[in-house]
Amino acid sequence: MKSAPFGLGRSNRSPLRGVADSPLLDVNRLTVRFGGLVAVSELDLDVIEGSITSIIGPNGAGKTTAFNCISGIYSPSAGSVRFEGHRLERPLTAGICWRAIGIGLLTGLLCAAAAVDVDRLWLAVVKRGMVTGTPFTLVDATTRLRGYFRAELAIDQMAGKWRVVSADGADVLAITRELSEAKALRNALQAAVTARRVGPGTVPDTSDLADVVEAVPGARQLPTVKEHVLDRLAAGKKRIRWRGWTGLFVGWMLGTAGAMAVWQRGRRSPHIVAQAGISRTFQNIRLFSNMTVLENVLVGLDGRIPGGVLGMLFRTPANRRSEETARCAARDELAFVGLADDANRIAGQLSYGDQRRLEIARALATGARFILLDEPAAGMNPTEATHLASLVEQIRTRGVTVLLIEHHMNVVMRVSDRVAVLDHGVKIAEGTPAEVKRDARVIEAYLGGA
Amino acid sequence: MKNQDPQHSTDFFSRRDRAYEFVRERWDMMALAVLAVAPLCVPALGGALGGQVTTLFIYCILALGLNVVVGYTGLVHLGIAAFFGIGAYIMAILTVPMYPFQIGFLAATIVSVLITAGVGLALGAPTLRLRGDYLAIVTLGFGEVVKVTLRNLEQITGGMKGLNPVPPPGAGVKVAGIDLGLAFAIDPRWFYYLALVSLAGVVLAMRRLEDSRLGRAWVAVREDELAASAMGISATRVKLSAFAMSSAVAGLAGCLYAASLSTTADPNAYDFNRSIMVLCAVILGGLGSIPGTLLGVTILVGFDTVLAPWADSLIQQMNINPSGLILLSFSGWRLAIFGLALVLVMRFRPEGLVPSRRLAAELHEAHP
């Protein structure tokens, strides 16, 4: 890897690893279809590192579509684009799988919380800890939590009286004046509930709860506890656990699947291509037109500025240094394309030619090793176009490989090492400028059949 | 444009321009100085007015949070009040005496801000890939979901009663023999200063972010998502950071709100109306502009919480409206005046009252 210019580190965010042999860019049988329309058909293109390659062709030949495919804006319908021997896609790594599982787990916990009724869980674990008079301890809270998931009877307080209630607080089984009575009653009732069998095939338990209560000294009052309430309490443990596990499992599956779906849809994205080291300009200029010229270039430098949010918030010396370095680098880029004096102007107010050059500066600022220029000389007069041609040659001397779409034949013929000609999405010729100029099919494509 | 560039102005304008430039550069310190001295000079700030102005500051913080998403990043967010509410409720849960946590104001604020940022991330991660209207619907829906959840989790949030009393900051902390919490409870000027300092801190943080890598990335994504993406900026990640930042700031505002009212109020305090009011304030003041946002909140919320009650009491005192007709009460016209103000601003100054430099440039270009 070449040393980065301007003392800024190269972006190390690239998810594509490894370095392979040239060609730098290898487009292999690339096909793009929009519905029934074939915009690019089986395009083969190799770009050698350090070269300037041009793609020319009549309007609608599929040049920009090929560009969009290389830069990750479109996905190819068939074929592949390899840069330094790697596909321009985010690979499936263990980290992504773990993250998906983690997200799934969080979703699962959320679903489980809803399924086991987090509101009543809170009542059981936190609020009951505050009413029973003893200080709130984590151990007690854990016990109550366990009790909730075992659907055990609990004690709480209401209007100065102690109550024996079901774990979720929905059923009140007994009311007493003293805490000790309540505790004894709770244990007795719990034993009765535990002993109760429910489900198909079990003989209905007819043991009288009043006996249970009478056996407890000091117990005074017991509201009539209906059979179905007891049945519900006895089945409570099974039910709450079933709900919790189901919620966790369903949420986990959904969350993991969702995270993987998001990964899949974001696999090919322009920023991944850019982070791999391919940058581009646009046919219809796409500057950040309300930002200043300098800021535009600074956005290009974004991936190469180190430091996190906290550094920015507290303006640490490291952050200030990296900002300053970035500004210097941005000014250098502007000087490179000849816009040094316009740094503080609003980008949208620049002339058309200057905007095109600013786009080039912004693309170069990303530290790309490969740059796609989409009609950089469009709308320029011959003098400006000549300047642009020398700019493109200077870009090459920086060690940046250039792929160019251009209609100005003077520019193309002057700067290109190789030229590929597209017509109706098909490559009809490729070679040195001189070869292409002589090619009969190219002449036919441009001038029409004889 | 002319006024912003003193070098090219004629002598005739130079003095005015210099004054304008001075205000433009130094408005923040001037405003801070005036607001810092005000409670010492204006006794009314020690009474109900102090509480109202504190609320105003808190809304300023909330609006600055919303401004990150709506102004800088250009996403439509109709549910900021939900994050405000989550911040307030977490503050309350962690400090009210009925729950065992009671970790104190500062710790609760930190936890609350972190949790609201996390909720923002959790909401944003799956939804920020949506564009425009769809995101607006998601945030709108989220706002409603949070409100209904807060209302229905009665055991946790106290339902319609809300959670109270939220103890004042520094309760139990003694400084020079004075209980700080008691001082906060007695004199509203303590809260006034706390809110003012928080607001100043948020303004400073926003300035720094505006002028850093992250702020530029936010604006770049707003201006042209595809171009930003082709420059190696992950648009999703940038939007997510804006979302998290905005949620965190809204959570901070919520904490201050709950502490200053010493209650979370009922969940309806965090409904769609509040989101829309803050959004209106940001748009009125100028999207992506810090002074604009502050001015917008001061006008809209100030009107609502300070001016309208004052005018009402004045009408009552002067005995103009003894029968209590709603048509004659000032606050009855509140929404009409809101609407009129917004229509007028959108007609005559669509970039907002104090537009951000960038948007101003755009609109001046459009109308040369």
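Let me check the size of segment A:89-132 from its C-alpha atoms; what are the radius of gyration and Dmax in Å?
17.3, 59
Just how large is the dipole of the protein assembly as shown about the Cα centre, in debye to the nearest 20, putting +1 at every Lys and Arg Cβ and -1 at every Asp and Glu Cβ?
In debye, rounded to 20, the protein assembly as shown gives about 1360.
Packing-wise, with mean Cβ within 10 Å as the measure, how do B:277-285, B:264-272 rank, highest first?
Sorting B:277-285, B:264-272 by mean packing, highest first, produces B:277-285, B:264-272.
What is the dipole size for chain A, taken about its Cα centre, with +1 at each Lys and Arg Cβ and -1 at each Asp and Glu Cβ, in debye to the nearest 20?
Numbers: 56 positive and 44 negative charges, 281 e Å.
Rounded to the nearest 20 debye, it is 1340 debye.
How are the alpha carbon pair distances in segment B:27-271 distributed across 10 Å bins from zero to the largest one, expressed in percent?
Calculated over all Cα pairs of segment B:27-271, the distribution is 8, 30, 33, 21, 8, 1, 0 percent.
Take every Cα-Cα pair in segment B:182-281 and report what % of them are more than 22 Å apart.
Numbers: 2388 of 4950 pairs.
The calculated P(r) of segment B:182-281 puts 48 percent of pairs beyond 22 Å.
Under 5 Å between amide hydrogens, which residues at least 5 positions from A:ASP423 or on another chain qualify, with H placed 1.01 Å from N in the peptide plane?
A:ILE428
Need the list of aspartates and glutamates near A:LYS127 for cross-linking: C-alpha distance under 19 angstrom, and skip anything on the same chain fewer than eight residues off.
Of all the aspartates and glutamates, those that pass the test against A:LYS127 - Cα under 19 Å, at least 8 places apart if same chain - are A:ASP117, A:ASP119, A:ASP140, A:GLU152, A:ASP156, A:ASP168, A:ASP171, B:GLU154.
Set Lys and Arg Cβ to +1 and Asp and Glu Cβ to -1, take the dipole of the protein assembly as shown about its Cα centre, and tell me which of A:VAL139, A:PRO433, B:SER234 lies farthest positive.
Of the listed residues, the answer is A:VAL139.
What figure in square angstrom, to the nearest 10, would you give for the accessible area of A:THR176 with a 1.4 Å probe?
Around 10 Å² of this residue is reachable by solvent.
Would you compute the Debye intensity of segment A:296-450 from its alpha-carbon atoms alone, equal scatterers and no solvent, and pass along log10 I(q)/I(0) at q = 0.12, 0.14, 0.16 Å⁻¹ to two decimals?
-0.62, -0.78, -0.93
Give me the percent of the accessible area of segment B:72-111 that comes from carbon and sulfur atoms, probe 1.4 Å, all protein chains in place.
Using a 1.4 Å probe with all protein chains present, segment B:72-111 comes out at 79 percent carbon and sulfur.
Any idea what angle helix A:317-337 forms with the longest principal axis of chain A, computed on alpha-carbon atoms, 0 to 90 degrees, nearest 10?
Compared with the principal axis, the helix lies near 30 degrees.
Let me see the P(r) profile for segment A:53-140: every Cα-Cα distance counted, bins of 5 Å, each bin given as a percent of all pairs.
The percentages, shortest bin first, are 3, 10, 11, 10, 9, 8, 7, 6, 6, 6, 5, 6, 5, 4, 3, 2, 1, 0.
Tell me what chain B gives for mean residue ellipticity at 222 nm when only DSSP H runs of n ≥ 4 count, each as -39,500 (n - 2.57), the sum divided by the residue total, rounded to 500 deg cm²/dmol.
For chain B, the value works out to -22500 deg cm²/dmol.
Output the relative contact order of chain A, whole-number percent, from Cα pairs under 8 angstrom with separation of 6+ residues.
Averaging sequence separation for qualifying contacts and normalising by length gives 23 percent for chain A.
Could you give the Stokes-Einstein D for chain A in µm² per second, using the C-alpha Kirkwood radius, 20 °C, 1.002 mPa s?
Approximately 77 µm²/s, per Stokes-Einstein.
Calculate one ³J(HN,Hα) per residue across segment B:105-117 by plugging θ = phi - 60° into the Karplus curve 6.51 cos²θ - 1.76 cosθ + 1.60, and present them in order as whole Hz with x for glycine and proline.
Taking θ as phi minus 60°, the curve returns 4, 5, 4, 5, 4, 4, 4, 5, 5, 5, 5, 5, 4 Hz for segment B:105-117.
For peptide B:147-158, compute the average count of partner chain beta-carbon atoms within 10 Å of each residue's beta-carbon. Walk me through the numbers on the way to the answer.
Numbers: counts 0, 0, 2, 0, 0, 1, 5, 4, 11, 8, 2, 0.
What the average comes to for B:147-158 is 3.
Per DSSP helix of 4 or more residues, -39500 (n - 2.57); summed, then divided by the residues of chain A. What does that give at 222 nm, rounded to the nearest 500? Could the numbers behind the result be given before it?
Values: 17 runs with 206 residues, N = 450.
Using -39500 (n - 2.57) per qualifying helix, the result is -14000 deg cm²/dmol.
Around A:PHE370, which amide H atoms from residues at least 5 apart in sequence, or from another chain, sit under 5 Å from its own amide H, with H modelled in the peptide plane?
Those qualifying (amide H under 5 Å, at least 5 residues apart or on another chain) are A:SER279, A:THR401.
Among rounded, prolate and oblate, which fits segment A:380-432 when a ≥ b ≥ c are the square roots of the eigenvalues of its C-alpha gyration tensor, a/c under 1.5 means rounded, and a/b larger than b/c means prolate?
Working: a/c = 2.50, a/b = 1.43, b/c = 1.75.
It is oblate, given that a/c is not under 1.5 and a/b is not larger than b/c.
Charges at C-beta only: +1 for Lys and Arg, -1 for Asp and Glu. How large is the resulting dipole of segment B:27-271 about its Cα centre, in Debye rounded to 20?
Dipole about the Cα centre, nearest 20: 320 debye.
If you consider only alpha-carbon coordinates, what radius of gyration and Dmax does segment B:60-167 have, in Å?
14.8, 44
Normalised by the residues of segment B:26-176, what does the relative contact order come to in percent, with Cα pairs under 8 Å and at least six apart?
Worked out over segment B:26-176, it gives 25 percent.
Rolling a 1.4 Å sphere over the protein heavy atoms, what is the accessible area per residue of segment A:35-123, to the nearest Å²?
With all protein chains present, segment A:35-123 gives 44 Å² per residue.
Tell me, Kirkwood radius of segment B:214-368 from alpha-carbon pair distances, in Å?
Across segment B:214-368, the inverse of the average 1/r is 18.4 Å.
Run the numbers on segment A:44-165 and let me know its relative contact order in percent, using alpha-carbon pairs under 8 Å that are six or more apart. Before the final figure, lay out each step's value.
Details: 51 pairs, mean separation 13.2, N = 122.
Over segment A:44-165, the number comes to 11 percent.
In segment A:21-62, how does Rg compare with the Kirkwood Rh, expressed as the Rg/Rh ratio over alpha carbon atoms?
Values: Rg = 12.4 Å, Rh = 11.8 Å.
That ratio is 1.05, to two decimals.
May I ask what percent, to the nearest 5, of DSSP beta bridges between residues of the protein assembly as shown are antiparallel? Spell out each step's value before the answer.
Numbers: 31 of 47 bridges.
Of all bridge pairs located within the protein assembly as shown, approximately 65 percent are antiparallel.
Hey, could you grab the Kirkwood Rh for the protein assembly as shown? Inverse mean 1/r over distinct alpha carbon pairs, Å, one decimal.
31.2
Mind pulling the angle between the C-alpha long axis of helix A:179-195 and the longest principal axis of chain A? Nearest 10 degrees, somewhere in 0 to 90.
80
Beyond a 32 Å Cα-Cα separation, which of these cross-linked pairs lie in this structure: A:LYS161/A:LYS237; A:LYS238/B:LYS161; A:LYS183/A:LYS237; B:LYS147/B:LYS239? Present the calculation step by step, with values, prior to reporting the outcome.
Details: A:LYS161/A:LYS237 27 Å; A:LYS238/B:LYS161 34 Å; A:LYS183/A:LYS237 20 Å; B:LYS147/B:LYS239 24 Å.
In this structure, A:LYS238/B:LYS161 exceed 32 Å between Cα atoms.
So which residue, out of B:LEU135, B:LEU64, B:LEU32, gets the largest mean-square fluctuation from a GNM of chain B using Cα contacts under 10 Å as springs?
In the Gaussian network model the winner is B:LEU32.
Within a 10 angstrom radius of each residue's Cβ in A:281-292, how many Cβ atoms of other chains show up on average? Whole number is fine.
On the way: counts 2, 4, 0, 0, 2, 7, 4, 11, 6, 13, 8, 3.
Mean partner-chain Cβ count within 10 Å for A:281-292: 5.
Can you tell me the 0 to 90 degree angle between the C-alpha axis of helix A:227-265 and the longest principal axis of chain A, rounded to 10?
10
Top mean-square fluctuation among B:PRO169, B:PRO126, B:PRO97, Gaussian network model of chain B, C-alpha springs under 10 Å?
So, out of B:PRO169, B:PRO126, B:PRO97, the one fluctuating most is B:PRO126.
The values are calculated or read from the model by the stated rules, or taken from the named source; none is laboratory data. This structure is a prediction, so every number in the text was calculated from the model and none was measured. FYI the Cβ positions are ideal-geometry reconstructions off the backbone, even for glycines, and counts take in every protein chain you see. These area figures cover heavy atoms from the full protein model, side chains too; ligands, DNA and RNA do not enter into them. Shrake-Rupley method; radii C 1.70, N 1.55, O 1.52, S 1.80 Å.
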